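Structure, as structure tokens:
The values are calculated or read from the model by the stated rules, or taken from the named source; none is laboratory data. A quick note: this is a predicted structure, and the numbers were derived from the prediction, not measured. So basically every Cβ, Gly included, is an ideal-geometry build from the backbone, and we count neighbours across all protein chains shown.
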Amino acid sequence: LQMLANVFQTRIETVNEPDATAYGAALLATVGAGIHSDSAAAAAALVKITKTIEPESDAYAAIYDSWRTLYPTLAPAMHRLSDHSTT
């Protein structure tokens with residue numbers, strides 16, 4: 001996750017429930033049952049941030065600028081190569 005924070009230059013937060021799909025459905029059920037007034041209130045009451053990862057550097061910015069310059073030139077060749085893939 002640290003690499004993602006660095007690449008996107010944004011904070012990443014993990015929460016107390018790894019099975020977000022089922023947990024989200026349960027949160028919405030609490031709204032439907034009248035336990036919480038809306039989904040924001042349900043999330044505020046039940047979702048806890050367990051870890052915060054801050055970006056450490058913007059070292060990827062220079063690499064990204066190089067990639068943006070190269071991509072238009074390399075993309076057609078890469079697409080042709082992927083068309084011949086045997087996977």
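List the residue pairs whose Cβ atoms are under 9 Å apart, where the first residue sits in the range 1-23 and is closer than 24 Å to Ser57 by Cα and free of Cβ contacts under 8 Å to residues at least 60 places away in the same chain, the second is in a loop (DSSP other than H, G, I, E, B) and among the basic types (Lys, Arg), and the two are 6 or more positions apart or on different chains.
The qualifying pairs are Ala5/Arg11; Val15/Lys48.
Would you tally the residues in the range 2-37 being on the phi < 0 side of the Ramachandran plot, out of contact with any Pro (no Cβ under 8 Å at 6 or more places or on another chain) and assigned to a loop (DSSP other than H, G, I, E, B)? Show your work before the answer.
Filtering the range 2-37 down to residues on the phi < 0 side of the Ramachandran plot leaves 2-8, 10-33, 35-37.
Then drop every residue that is not out of contact with any Pro (no Cβ under 8 Å at 6 or more places or on another chain), which leaves 2-4, 7, 12-33, 35-37.
If we keep only those that are assigned to a loop (DSSP other than H, G, I, E, B) as well, we get 16-19, 33, 35-37.
Number satisfying all stated conditions: 8.
Hey, can you tell me all the residues within the range 2-59 that are loosely packed, with under 14 Cβ neighbours inside 10 Å, of a type in the set (Ser, Thr, Tyr), over 14 Å from the mean Cα position of the chain (by Cα) and modelled with pLDDT of 90 or more?
Result: Thr21, Ser37, Ser39, Thr50.
Taking the range 33-63, which residues are touching a Lys or Arg at 6+ places or on another chain (Cβ under 8 Å) and of a type outside the set (A, V, I, L, M)? Full working, then the answer.
Going residue by residue through the range 33-63, those that are touching a Lys or Arg at 6+ places or on another chain (Cβ under 8 Å) are 52-55.
Answer for the range 33-63, where residues must be touching a Lys or Arg at 6+ places or on another chain (Cβ under 8 Å) and of a type outside the set (A, V, I, L, M): Thr52, Glu54, Pro55.
Could you list, in sequence order, the residues of the range 51-61 that are of a type outside the set (Asp, Glu) and within 11 Å of Val7 (Cα to Cα)? Before the answer, list the steps.
Keep residues of the range 51-61 that are of a type outside the set (Asp, Glu), which gives 51-53, 55, 57, 59-61.
Listed by number, the residues that qualify are Pro55, Ser57, Ala59, Tyr60, Ala61.
Within the range 75-86, is there a residue that is touching a Lys or Arg at 6+ places or on another chain (Cβ under 6 Å) and either modelled with pLDDT of 90 or more or outside any loop (DSSP other than H, G, I, E, B) (or both)?
We begin by selecting, within the range 75-86, every residue touching a Lys or Arg at 6+ places or on another chain (Cβ under 6 Å); these are none.
No: zero hits.
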